[in-house]
Amino acid sequence: MNSNHEQKCCCGGKGGASNMAKLDEIMAKYQGAKGALIPVLQEAQDAYGYLPKDVIVRIGEKMSIPTSQIYGVATFYAQFHLNPRGKNIIRVCQGTACHVRGAKAILKALEDTLKVSAGKTTPDLKFTLETVACIGACGLAPVMMVNDDTHGRLTPEIVPEIIGRYA
Amino acid sequence: MDMVNITIDGQKVQVPKTATVLEAALSVGIKVPTLCYHPELRPEGACRVCLVEVEGARSLVASCVYPVNEGMVVRTNTAAVREARQMVVELLLANHPPDCLSCQRNLNCELQSIASDLGIREIRFDGERKDLPLDANNPSLVRDQNKCILCGHCIRACSERQGVHVYSFVNRGFNTTVAPAFMTGLDEAPCTYCGQCATVCPTGAIVEKDDTDEVWKAISDPKKHVVVQTAPAVRVALGEALGMGPGSVVTGKMVAALRRLGFDKVFDTDFTADLTILEEGTEFIERLTKGGKLPMITSCSPGWVNFIELMYPDLLDHLSTAKSPQQMFGALVKTYYAEKQGIDPKDIVSVSIMPCTAKKAEAVRPEMKSSGYQDVDYVLTTRELGRMIREAGLSFDKLPAEEFDAPLGISTGAGVIFGATGGVMEAALRTVAEVVTGKELGCLDFKEVRGLTGIKEAVVPVGDLKVKVAVAHTLQNARTMLDKIRAGEADYHFIEVMACPGGCIGGGGQPLPVCKETRQARVDAIYECDQCMSMRKSHDNPAVKELYDSWLGKPLGEKSHKLLHTHYHAQHREG
């Protein structure tokens, strides 16, 4: 079956058990609290960068919530990620203003430069490329954000140079 | 109970305060169409097919979740209601695969029936189609999520009824689908293969794996000797798949049909049900008198065996080591029967007709090869047999009643009641009581263990002993029982567990649709079969006696141990 989980373990082979200590700490804070699943998932994602399979399974075991349900929640909300994310997160705007000023070409230039499609992460885990509907900087259209930096009035030609600064 | 008065389509009706508009409508015989509603599951209000008009409400309401209140005026059949329902169904059909004619659920599909009932003659929208891969990597069930209408029945049946929680809604919006955690197939999820999801699926999104082609092939191979066994619960449900009412006992017609399909010998799983009682009953007496692990729990239901192996592996030594009747039968056909008939076991094809989807998985367990071959080659569900009978063009209702072949078709009433919850327990008690006391029982009916109550308990005097027994059906009730054992609060001696509601008669492979009333009718039919048998105790079965005398030796003997007993192991499937 198609699995979203190419990467089996969250610790990159450094021994799972010790790496679960962070998770156990997070869950300890919420012990017995009702409706704690989403905050636990959020904090776990902060700690691990994404929600690896063994983290989800352990949350299920410790919080007595079926894994299927946790997976359902984690796939429902756009904020949760089930695959490792890049060191740098690129959010390229596809809103109306950016669209009319050539956002498609910017996205294409990013995809060509990074050699990944929108929504994916580069194999070296340096960049994750995401599209967003609007980042509220229409005056700078077409625009993208890399982490917390805003880059406006983009042209396809300038994209590789900007990416180069983060590589 | 507090009642309220409401008006539905001009009819004044008094209903409990806690009722929904849908329940109120059903109580006065108004059939509101539903898809996501299921009378035995928590309501969800997801599909919007059950829309009705409520005076004063701002829009049409989903009657399955809308509570009644005093003086409410409801209209279920206005132009606006009809139009809205049609729209809802049309939108569902707009992205549903248009392959009804070749779908396994053709003519037995709730979506199809509703489209027909609502008079949908054209689909005005051409929706986007999903293209999700088929989940068919397990022996029991096939899931085609492209046919899923997101009613959530399977999710709720698996969680509420079975306590297994395999499924959840995954993703969002148009991309929503139903899947196990991590989008795996059922083979990688903690699925017991009980098939209850398939019994509640309104479309062809979850169906049994169809093995009829393989069986047809075996039948038409002149070099093969094809024998068939039929489980107790099949004879009281097969009629439903062929146009008869629930609770019809069709044993004789079923035997006749199987002969006409071309099986060389038609045998009865009831025979090995009797044998199971002798092995399991003896095992129980041994554990009871020699200090073995108690409570002992039955092991006939393969969905249940998968459940305990997956979820409670620490309690596996409570399970009886006796194989299920299907597997005892399989082991004997390719040894005892082959020897007696002088047939090379490699030329025997052993088929079983079961009310169960998990039996398909049981047959291919690696340890089920005691004869040196796969003991049971193919398992067909009651539904598949129904389809074969239709395919062969047999007029089922006109078939004469025929008898099973000897010797593996000879059985007692104790064998047939295996099909209903409490039946294995009752059959065991009939034998255990007589074997332990050496005295004949006056009354053979152990009514405390009968019926559709989720967990039943009884204390049965056996000689000087007071044997405390319990019976659980559905895996949620099994879970309750196992938690009690883990907590050390279960002082029972013997527990029967069946994975499905009502026992095998409510199995995942039984004809659809099924509801509480249908299950009750099947249970009644099972006890009717028992009453009609001349012998009602397993240890009276002359063919079983002959088997022990001439070939097996004694219960729990060396040959029994090799052929009729098995072992269990923890299964690890994350999710």
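One residue is enough: does segment B:271-280 have a residue meeting the conditions in contact (Cβ under 8 Å) with a residue 40 or more places away in the chain, surrounded by fewer than 23 Cβ atoms within 10 Å (Cβ to Cβ) and in contact with a strand residue (DSSP E or B) (Cβ under 6 Å, 6 or more places away or on another chain)? Spell out how you get there, then give the answer.
Initially, segment B:271-280 is screened for residues in contact (Cβ under 8 Å) with a residue 40 or more places away in the chain, giving B:271-280.
Filter again for surrounded by fewer than 23 Cβ atoms within 10 Å (Cβ to Cβ), leaving none.
Among the residues of segment B:271-280, not one is in contact (Cβ under 8 Å) with a residue 40 or more places away in the chain, surrounded by fewer than 23 Cβ atoms within 10 Å (Cβ to Cβ) and in contact with a strand residue (DSSP E or B) (Cβ under 6 Å, 6 or more places away or on another chain), which makes the answer no.
Going through segment B:223-255 one residue at a time, which ones are touching a strand residue (DSSP E or B) at 6+ places or on another chain (Cβ under 9 Å) and part of a helix (DSSP H, G or I)?
Listed by number, the residues that qualify are B:PRO232, B:ALA233, B:VAL234, B:LEU238, B:THR251, B:MET254, B:VAL255.
Would you mention how many residues in segment B:135-164 are within 11 Å of chain A (Cβ to nearest Cβ), surrounded by fewer than 20 Cβ atoms within 10 Å (Cβ to Cβ) and among the aliphatic types (A, V, I, L, M)?
Summing the residues that are within 11 Å of chain A (Cβ to nearest Cβ), surrounded by fewer than 20 Cβ atoms within 10 Å (Cβ to Cβ) and among the aliphatic types (A, V, I, L, M) in segment B:135-164 gives 1.
For segment B:422-452, which positions are basic (Lys, Arg) and closer than 18 Å to B:TYR492 by Cβ?
Taking segment B:422-452 first, the residues basic (Lys, Arg) are B:430, B:439, B:447, B:450.
Answer for segment B:422-452, where residues must be basic (Lys, Arg) and closer than 18 Å to B:TYR492 by Cβ: just B:ARG450.
Over 30 Å from B:THR199 (Cβ atoms) and in contact with a Pro (Cβ under 6 Å, 6 or more places away or on another chain): is that true of B:HIS539 in this structure?
It is false that B:HIS539 is over 30 Å from B:THR199 (Cβ atoms) and in contact with a Pro (Cβ under 6 Å, 6 or more places away or on another chain).
Return the residue satisfying two criteria in turn: it lies in segment B:165-174 and is more than 30 Å from B:TYR312 (Cβ to Cβ) and either facing another protein chain (nearest Cβ under 9 Å) or in contact with a Leu (Cβ under 8 Å, 6 or more places away or on another chain) (or both), and of such residues it is modelled with the lowest pLDDT.
Taking segment B:165-174 first, the residues more than 30 Å from B:TYR312 (Cβ to Cβ) are B:171-174.
After this cut, where a residue has to be either facing another protein chain (nearest Cβ under 9 Å) or in contact with a Leu (Cβ under 8 Å, 6 or more places away or on another chain) (or both) as well, the list is B:171-172.
Details: B:ASN171: 97, B:ARG172: 94.
My answer is B:ARG172.
Kindly establish whether B:CYS191 is closer than 23 Å to B:CYS504 by Cβ, within 14 Å of chain A (Cβ to nearest Cβ), modelled with pLDDT of 95 or more and within 13 Å of the chain's Cα centre (by Cα). First the steps, then the outcome.
Working: closer than 23 Å to B:CYS504 by Cβ: yes; within 14 Å of chain A (Cβ to nearest Cβ): yes; modelled with pLDDT of 95 or more: yes; within 13 Å of the chain's Cα centre (by Cα): no.
Spelling it out, it is not the case that B:CYS191 is closer than 23 Å to B:CYS504 by Cβ, within 14 Å of chain A (Cβ to nearest Cβ), modelled with pLDDT of 95 or more and within 13 Å of the chain's Cα centre (by Cα).
For segment B:131-147, does any single residue satisfy the condition of being in a helix (DSSP H, G or I), farther than 30 Å from B:VAL497 by Cβ and of a type in the set (Lys, Arg)? Don't jump to the end; show me each part of the working.
Initially, segment B:131-147 is screened for residues in a helix (DSSP H, G or I), giving B:145-147.
Okay, now just the ones that are also farther than 30 Å from B:VAL497 by Cβ, so B:145-147.
Still in the list and also of a type in the set (Lys, Arg): B:147.
There is at least one residue in segment B:131-147 that is in a helix (DSSP H, G or I), farther than 30 Å from B:VAL497 by Cβ and of a type in the set (Lys, Arg).
Here is a list of conditions, (1) within 14 Å of chain B (Cβ to nearest Cβ); (2) within 26 Å of A:PRO160 (Cα to Cα), and A:LEU107 meets all of them except one; can you say which number that is?
With (1) within 14 Å of chain B (Cβ to nearest Cβ); (2) within 26 Å of A:PRO160 (Cα to Cα) applied to A:LEU107, the lone miss is (1).
Do we have B:GLN104 as within 12 Å of chain A (Cβ to nearest Cβ), touching a residue at least 60 places away in the same chain (Cβ under 8 Å) and closer than 28 Å to B:PRO39 by Cβ here?
Values: within 12 Å of chain A (Cβ to nearest Cβ): no; touching a residue at least 60 places away in the same chain (Cβ under 8 Å): yes; closer than 28 Å to B:PRO39 by Cβ: yes.
Spelling it out, it is not the case that B:GLN104 is within 12 Å of chain A (Cβ to nearest Cβ), touching a residue at least 60 places away in the same chain (Cβ under 8 Å) and closer than 28 Å to B:PRO39 by Cβ.
Can you find a residue that is surrounded by fewer than 19 Cβ atoms within 10 Å (Cβ to Cβ) and either over 29 Å from B:LYS360 (Cβ atoms) or touching a helix residue (DSSP H, G or I) at 6+ places or on another chain (Cβ under 8 Å) (or both) anywhere in segment B:466-475? Before the answer, list the steps.
So the first thing to find is which residues in segment B:466-475 are surrounded by fewer than 19 Cβ atoms within 10 Å (Cβ to Cβ), and the list is B:466, B:468.
If we keep only those that are either over 29 Å from B:LYS360 (Cβ atoms) or touching a helix residue (DSSP H, G or I) at 6+ places or on another chain (Cβ under 8 Å) (or both) as well, we get B:466, B:468.
Scanning segment B:466-475, I find at least one residue that is surrounded by fewer than 19 Cβ atoms within 10 Å (Cβ to Cβ) and either over 29 Å from B:LYS360 (Cβ atoms) or touching a helix residue (DSSP H, G or I) at 6+ places or on another chain (Cβ under 8 Å) (or both), so the answer is yes.
Out of B:ASP530, B:ASP491, B:ASP483, report the one residue that is assigned to a helix (DSSP H, G or I) and either surrounded by fewer than 17 Cβ atoms within 10 Å (Cβ to Cβ) or of a type in the set (S, T, N, Q) (or both).
Numbers: B:ASP530 fails: either surrounded by fewer than 17 Cβ atoms within 10 Å (Cβ to Cβ) or of a type in the set (S, T, N, Q) (or both); B:ASP491 fails: assigned to a helix (DSSP H, G or I).
Within the list B:ASP530, B:ASP491, B:ASP483, the selection yields B:ASP483.
Condition test on B:GLN11, is it loosely packed, with under 14 Cβ neighbours inside 10 Å, farther than 30 Å from B:GLY454 by Cβ and free of Cβ contacts under 8 Å to residues at least 60 places away in the same chain? Write out each step before concluding.
Values: loosely packed, with under 14 Cβ neighbours inside 10 Å: yes; farther than 30 Å from B:GLY454 by Cβ: yes; free of Cβ contacts under 8 Å to residues at least 60 places away in the same chain: yes.
When the stated conditions are applied, B:GLN11 passes them.
Tell me which residues, restricted to segment A:60-103, are touching a Phe, Trp or Tyr at 6+ places or on another chain (Cβ under 7 Å), within 14 Å of another protein chain (Cβ to nearest Cβ) and outside any helix (DSSP H, G or I). I'd like the intermediate steps shown before the answer.
Narrowing segment A:60-103 to residues touching a Phe, Trp or Tyr at 6+ places or on another chain (Cβ under 7 Å): A:68, A:71-72, A:74, A:81-86, A:88, A:90.
Those left that are additionally within 14 Å of another protein chain (Cβ to nearest Cβ): A:68, A:71-72, A:74, A:81-83.
Of everything in segment A:60-103, those that are touching a Phe, Trp or Tyr at 6+ places or on another chain (Cβ under 7 Å), within 14 Å of another protein chain (Cβ to nearest Cβ) and outside any helix (DSSP H, G or I) turn out to be A:HIS81, A:LEU82, A:ASN83.
Just give me the residues in segment B:40-96 being outside any loop (DSSP other than H, G, I, E, B) and within 24 Å of B:MET3 (Cα to Cα), in sequence order. Reasoning before the result, please.
Here is the first cut: in segment B:40-96, the ones outside any loop (DSSP other than H, G, I, E, B) are B:51-54, B:61-62, B:67, B:73-75, B:79-94.
Within segment B:40-96, B:LEU51, B:VAL52, B:GLU53, B:VAL54, B:VAL61, B:ALA62, B:PRO67, B:VAL73, B:VAL74, B:ARG75 meet the criteria.
So B:SER352 clears everything in (1) of a type in the set (Gly, Ala, Ser); (2) under 28 Å from B:ALA521 (Cβ atoms); (3) part of a helix (DSSP H, G or I); (4) touching a strand residue (DSSP E or B) at 6+ places or on another chain (Cβ under 8 Å) except one condition, right? Which one?
(3)
Given the structure, is B:GLU70 among the charged types (D, E, K, R) and either closer than 23 Å to B:GLN196 by Cβ or in contact with a Phe, Trp or Tyr (Cβ under 6 Å, 6 or more places away or on another chain) (or both)?
Details: among the charged types (D, E, K, R): yes; either closer than 23 Å to B:GLN196 by Cβ or in contact with a Phe, Trp or Tyr (Cβ under 6 Å, 6 or more places away or on another chain) (or both): no.
No; evaluated as a whole, the condition is false for this residue.
In the set B:GLY442, B:GLY415, B:GLY409, which member is in a loop (DSSP other than H, G, I, E, B) and at pLDDT 95 or above?
B:GLY409
Given the conditions (1) within 13 Å of chain A (Cβ to nearest Cβ); (2) out of contact with any His (no Cβ under 8 Å at 6 or more places or on another chain); (3) touching a residue at least 60 places away in the same chain (Cβ under 8 Å), report the number of the one that B:PHE182 does not fulfil.
(2)
Report, by residue number, each residue of segment B:1-24 that is over 19 Å from B:CYS50 (Cα atoms) and touching a Pro at 6+ places or on another chain (Cβ under 9 Å).
Once the filter is applied, which keeps residues that are over 19 Å from B:CYS50 (Cα atoms) and touching a Pro at 6+ places or on another chain (Cβ under 9 Å), segment B:1-24 yields B:MET1, B:ASP2, B:MET3, B:VAL4, B:LYS17.
Can you pull out every residue in segment B:557-571 that is over 16 Å from B:PHE329 (Cα atoms) and touching a residue at least 40 places away in the same chain (Cβ under 8 Å)? Let's see the steps before the verdict.
Just the residues of segment B:557-571 that are over 16 Å from B:PHE329 (Cα atoms), to begin with: B:557-558, B:567-571.
Answer for segment B:557-571, where residues must be over 16 Å from B:PHE329 (Cα atoms) and touching a residue at least 40 places away in the same chain (Cβ under 8 Å): B:HIS567, B:TYR568, B:HIS569, B:ALA570, B:GLN571.
Confirm whether B:MET328 is assigned to a helix (DSSP H, G or I), within 23 Å of the chain's Cα centre (by Cα) and assigned by TED's automatic domain parsing to the domain that holds B:GLU496. It would help to see each step written out before you state the result.
On the way: assigned to a helix (DSSP H, G or I): yes; within 23 Å of the chain's Cα centre (by Cα): yes; assigned by TED's automatic domain parsing to the domain that holds B:GLU496: yes.
Yes, satisfied.
The values are calculated or read from the model by the stated rules, or taken from the named source; none is laboratory data. These numbers were taken from a predicted model, which means no experiment stands behind them. A quick note on method: Cβ atoms are made from the backbone with ideal geometry, for glycine too, and the neighbour counts reach across all protein chains shown.
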